[in-house]
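The values are calculated or read from the model by the stated rules, or taken from the named source; none is laboratory data. Just so it is clear, the model here is predicted, and its values are computed rather than measured. As a convention, Cβ positions derive from the backbone with ideal geometry for all residues, glycine included, and neighbour counts pool all protein chains shown. Calculation scope for accessible area: heavy atoms of the full protein, side chains included, ligands and nucleic acids excluded. Shrake-Rupley method; radii C 1.70, N 1.55, O 1.52, S 1.80 Å.
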Amino acid sequence: MQQQVQTKDREKIELFFSARGLVNKDVLSDSDPQLYLYLKEGKQGVEKLIVKTEVKKNNLNPDWKVSVVLDFIFEVNQYLRFLVVDSDGDDIKDDDIIGTLNTTVGEIMGSRNQIYMGQLSYKNKQTGKLLVKADKRQEIGGLNQLIYWQWYGKKVKNMDGWFGVSDPFLRFFKWHKNSDWLMVHETEFIKDNENPIWKGFEISHDKLHDENPQQPIKIELWDNEKDGKHQLIGSVEVTIEQIFFKEIHEFQVKTPKGEFGGTIGIKSFQKPSFIDYLKGGEQINLQIAIDFTGSNGDPHSSSSLHYNVPNQLNQYQNALSQVAEILLNYDYDKKVPVYGFGGIPSLPNYKKSSTDDCFPLNGNKKDPEVLGLEGIMNIYKLALNHVQLSGPTVFGPVIENAIEIAENNRKKDIYNVLLIMTDGQIDDMDECIKLVKKAAKLPLSIIIVGVGSANFKMMEELDGDGPQYSDSLRDVVQFVPFLKFAGQPGQLAKELLSELPDQLIQYKQLIGKGPNPAKQIDLSQLA
């Protein structure tokens, strides 16, 4: 049984729930656990109940049957609150609380194999483990929605005699209201091949069928002839219901005489999605570069962009928090290299007498990583006391450093994201454009936050799609000025990260790499 929470044009995921080792709230028998799940999209969202599972009688290790389908929104923090109770009736007020747990959809999707294990607790006591599994939800969608198909053939009947092999191609037909077949697509022919793989193509549902998914689609297998008098090998009728719901992806073609004409099947029936790559083990590694040029102002002055107000985040801290809070979900070890540029470092283990355009904030050139969001925020705050603001503002060295890391990760399932935060214009624009073009060939995206109210025309040009990028393989830069979303929690990250999933997919398509096979794990089999 499933419940659905949906909006338009989003990938859907389905969440499944289990618990292990729940504390017992009953005296004469075991608890009867029931799970409630609440969702809040963004910090300013309204929390709402999205699923209420069935009650599992006398069971401290429940595997609930009720699941929930919801949208996966990568660039937004989707906050989840789980409540597990010992059910004593229809009114939750009569139930005993077993435990609660807070997490996010991103944390679940970024877990290994999309299986999240969290600790339930109540009144500061651990009360059991909660297991949540996320699966990609296959949706047929509306009639205007495009689907992606790639078909193959096996043992296609030879129509060219002893000394030839068929040149097969496919024709697809929709059943017309006037009891006739209407051709809606034709593939290319593959010369002399009894086991062809045709090019993938996109087609909308309404071209294949009306609202009834049981409506037949006819597929004809032909042998191409140079004179245009193509020979029909055979045909088969299939339905969308078979392909999407029953997951039948291979069909036998029958000749007009009822003989075996070959087998055709679907090699791929959709383009790989961001979720497919996550399920295959893809990680996102964040790198951070922070502007320490003099135009930020003395950090000890309240007018400085680096000024640290007690119990309040400055623009740099705010941007760091918003972006890292989302991207760290997709990094298994949560370690992030953090750099500064445009300053003169006097760190405990790293000192320079002149401006350094790429220095590790922890002072360790060989290991510039810190752990998690807390480590990022702490090292930034610490560095303000050990870095003299200087200049000029150049991005080249930090982009080159990110390129080097990305090159080292090329053969790994890791996509890299460089976050640059700056307060103004740059002095190496031409060099940066060259480096951005180089980054387009690598598993790397660059996101830039403009801090303060300076003129960011150059940043917009760096993010643009003008003639300077006419020979670039793909778009990898996204720039957003912080003040555009000031006072709107989460909106900066939403704008910055919205293109990132597509950029990852574009890179994978560029190198011709599909997702790794996902591991199929049954929650009920986990101890």
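Odds and ends about this structure:
- Test: I420 is of a type outside the set (D, E), closer than 28 Å to S453 by Cα, modelled with pLDDT under 95 and touching a Phe, Trp or Tyr at 6+ places or on another chain (Cβ under 8 Å): no
- When restricted to residues that are surrounded by 15 or more Cβ atoms within 10 Å (Cβ to Cβ) and part of a loop (DSSP other than H, G, I, E, B), the stretch 350-381 contains 9.
- Any pair with Cβ under 6 angstrom, 6 or more apart, that starts in the stretch 371-386 at a residue that is farther than 16 Å from D333 by Cβ and ends at one that is surrounded by fewer than 17 Cβ atoms within 10 Å (Cβ to Cβ) and of a type outside the set (V, I, T): H386/S346
- Matching strands (runs of 3 or more DSSP E) fully within the stretch 247-300 where at least 1 residues are in contact (Cβ under 8 Å) with a residue 12 or more places away in the chain, among the polar types (S, T, N, Q) and buried (at least 16 other Cβ atoms within 10 Å of the Cβ): 260-268, 283-291
- Positions within the stretch 334-358 being more than 14 Å from M421 (Cα to Cα) and touching a helix residue (DSSP H, G or I) at 6+ places or on another chain (Cβ under 9 Å), in sequence order: K334, K335, V336, P337, P345, L347, D356
- Residue in the stretch 99-117 that is open to solvent by 80 Å² or more (accessible area, probe 1.4 Å), in a loop (DSSP other than H, G, I, E, B), touching a residue at least 12 places away in the same chain (Cβ under 8 Å) and touching a strand residue (DSSP E or B) at 6+ places or on another chain (Cβ under 9 Å) present: no
- In the set Q520, Q506, Q478, only one residue is among the polar types (S, T, N, Q), within 20 Å of P272 (Cβ to Cβ) and touching a residue at least 24 places away in the same chain (Cβ under 8 Å); that residue is Q506.
- The stretch 501-525: number of residues that are within 23 Å of I115 (Cβ to Cβ), in contact with a strand residue (DSSP E or B) (Cβ under 7 Å, 6 or more places away or on another chain) and open to solvent by less than 50 Å² (accessible area, probe 1.4 Å): 3
- Here I505 fulfils each of the conditions (1) in contact with a Gly (Cβ under 9 Å, 6 or more places away or on another chain); (2) in a helix (DSSP H, G or I) apart from (1).
- Within the stretch 143-232, strands (runs of 3 or more DSSP E) holding 1 or more residues that are open to solvent by 80 Å² or more (accessible area, probe 1.4 Å): 146-154, 168-176, 180-186, 201-204
- Tally of residues being under 16 Å from L500 (Cα atoms) and basic (K, R) across the stretch 425-471: 1
- Residues that are open to solvent by 40 Å² or more (accessible area, probe 1.4 Å) and assigned to a helix (DSSP H, G or I) were ranked within the stretch 382-407; the one that is nearest to Q312 (Cα to Cα) is L382.
- Scanning the stretch 67-97 for residues that are closer than 14 Å to K52 by Cα and surrounded by fewer than 17 Cβ atoms within 10 Å (Cβ to Cβ) yields R81, G89, D90, D91, I92.
- Scanning the stretch 26-49 for residues that are among the aliphatic types (A, V, I, L, M) and either within 16 Å of Y116 (Cβ to Cβ) or touching a Phe, Trp or Tyr at 6+ places or on another chain (Cβ under 7 Å) (or both), we see that the one that is surrounded by the fewest Cβ atoms within 10 Å (Cβ to Cβ) is L49.
- Consider the stretch 51-66 and keep the residues that are open to solvent by less than 10 Å² (accessible area, probe 1.4 Å) and closer than 16 Å to I92 by Cβ. The one that is farthest from the chain's Cα centre (by Cα) is T53.
- Count of the stretch 317-334 residues which are assigned to a helix (DSSP H, G or I), farther than 15 Å from I379 by Cβ and open to solvent by 10 Å² or more (accessible area, probe 1.4 Å): 4
- Residue list for the stretch 474-500, restricted to those being in a loop (DSSP other than H, G, I, E, B), touching a Phe, Trp or Tyr at 6+ places or on another chain (Cβ under 9 Å) and either crowded, with 16+ Cβ neighbours inside 10 Å or not polar (S, T, N, Q) (or both): R474, D475, V476
Here's the yes/no breakdown for (1) in contact with a helix residue (DSSP H, G or I) (Cβ under 9 Å, 6 or more places away or on another chain); (2) farther than 17 Å from A319 by Cα; (3) surrounded by fewer than 23 Cβ atoms within 10 Å (Cβ to Cβ); (4) not polar (S, T, N, Q):
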position	(1), (2), (3), (4)
K411	no, yes, yes, yes
I414	yes, yes, yes, yes
V417	yes, no, no, yes
K437	yes, yes, yes, yes
P443	yes, yes, no, yes
V449	yes, no, no, yes
M458	yes, yes, yes, yes
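- Residues that are in a strand (DSSP E or B) and of a type in the set (G, A, S), drawn from the stretch 408-463: S445, G450
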